[in-house]
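Here is the structure we will look at, set down as structure tokens.
Nothing in this text is a laboratory measurement; each read-out follows from the coordinates by a stated rule. Remember, predicted model here, so these are calculated numbers, not experimental data. In this analysis, Cβ positions are derived from the backbone assuming ideal geometry, glycine residues included, and neighbour counts consider all displayed protein chains.
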Amino acid sequence: MIKLVTLDFDGTTADTMPTLEEIAVKLMVKHYELETEDARSKYQITTGLPFEQQMEIIFPDNPNNKLVISQFEKEKIESIFDLPLFKDAKSTIDLLREKGYLVAISSSTTQPIIEKYCKEKELIVDQIVGYRMGFEKGKDHFDFIKEEFNLSTEELVYVGDSLKDCERAQNNDIVFIGKTGMFSREDFNKISKSKIVISDLEELLKIIPDLNQELNET
């Protein structure tokens, strides 16, 4: 029985990914002498991880990494609070909570940024879990959320917009729901065990009850 819906932040709850991608691509082209589309592809395939981890995966031990990471985080903070929630994010989260589901945000963005963003947008959730060194999206966050609400693995579902989100959910036996945007339905279906993909968050209002009905019937 699904009791808690965990949402990714960037690209799932907040419409921030186009801006963050442009910042990253600009910096990668400037500091690593990549062509724009090559930089974009490398950024997208590692999206879902903290940016510092993305850079270390793409450019291991590169002396430019520290500067690029610092500049990215600076420009992210300067822009993110002006970027909108997805149009159906607030209404969907409010309705899920009205129906008795807990809603959490689990993200590779740091917790203070998410908390400030949600406060400014008047978005209310039951738990925000952001990134800090040694505590990141995936096992760390899932274990924290399960302990915080006394839930089992089977009572969680994770909604994310990246292939890394899918990998981390499935590596922890969490049911994953893909949200299209940066990746297509076909991209998710290649690796997703659940094969559940949405284009808008409001689809969760039907999918979550349907999942629970299926679980009750098995």
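Excluding the site residues themselves, the longest part of the chain lacking any GluC sites (Glu not before Pro) in a DSSP loop with at most 14 other Cβ atoms within 10 Å is 123-218. For GLU56 and ARG185, the difference between the fully extended length at 0.36 nm per residue and the C-alpha to C-alpha distance is 43.6 nm.
Charging the Cβ of each Asp and Glu at -1 and of each Lys and Arg at +1, and nothing else, the dipole of the range 17-80 about its Cα centre rounds to 120 debye. Positive-end ranking of THR46, GLN111, SER70 along the dipole of the chain, with charges on Cβ about the Cα centre, is headed by SER70. The trypsin sites (Lys or Arg not before Pro) of the range 96-157 that DSSP puts in a loop, and whose beta carbon has at most 11 other beta carbons within 10 Å, are LYS99. Positive end of the dipole of the range 1-70 (Cβ unit charges, origin at the Cα centre): among ILE58, ALA24, THR6, the Cα lying farthest that way belongs to THR6. Kirkwood radius and radius of gyration were both taken over the C-alpha atoms of the range 68-185, and their ratio Rg/Rh is 0.95. Taken along the Cα-to-beta-carbon direction at a fixed 7 Å, the label points for THR153 and GLU115 span 3.0 nm.
With 0.36 nm allotted per residue and the present C-alpha distance subtracted, the GLU122-PHE81 stretch has 13.5 nm of extension available. Treating r as the C-beta distance of LYS206 and VAL29 and R0 as 45 Å, the FRET efficiency rounds to 0.60. Can you work out the base-10 log of I(q)/I(0) for the range 17-80 at q = 0.18, 0.21 1/Å, using the Debye formula on its C-alpha atoms alone? Log10 I(q)/I(0), no solvent term: -0.55, -0.78. When a/c reaches 1.5 or more, the comparison of a/b and b/c decides; with that in mind, is the chain rounded, prolate or oblate per its Cα gyration tensor? Because a/c hits 1.5 or more and a/b exceeds b/c, the chain counts as prolate. Of MET182, MET133, MET55, which is the most mobile in a GNM of the chain whose springs link Cα atoms less than 10 angstrom apart? Greatest mean-square fluctuation among the candidates belongs to MET133. About the centre of its Cα atoms, the chain shows a dipole size close to 100 debye [charges on the beta carbon of Lys, Arg (+1) and Asp, Glu (-1) only; nearest 20 debye]. In a DSSP loop and with at most 16 other Cβ atoms within 10 Å, the chymotrypsin sites (Phe, Trp or Tyr not before Pro) in the range 60-146 are PHE81. Taking 7 Å steps out from each Cα toward its Cβ at GLU22 and GLU214 produces label points 3.8 nm apart. Measuring against 18 Å, Cα to Cα, the residue pairs LYS137/LYS190; LYS3/LYS190; LYS137/LYS164; LYS3/LYS99 contain LYS137/LYS190; LYS3/LYS190 as the ones spanning a longer distance. Entry note, the chain: the mean residue ellipticity at 222 nm calculated from DSSP H runs of n ≥ 4, each adding -39500 (n - 2.57), is -16000 deg cm²/dmol after division by the residues and rounding to the nearest 500.
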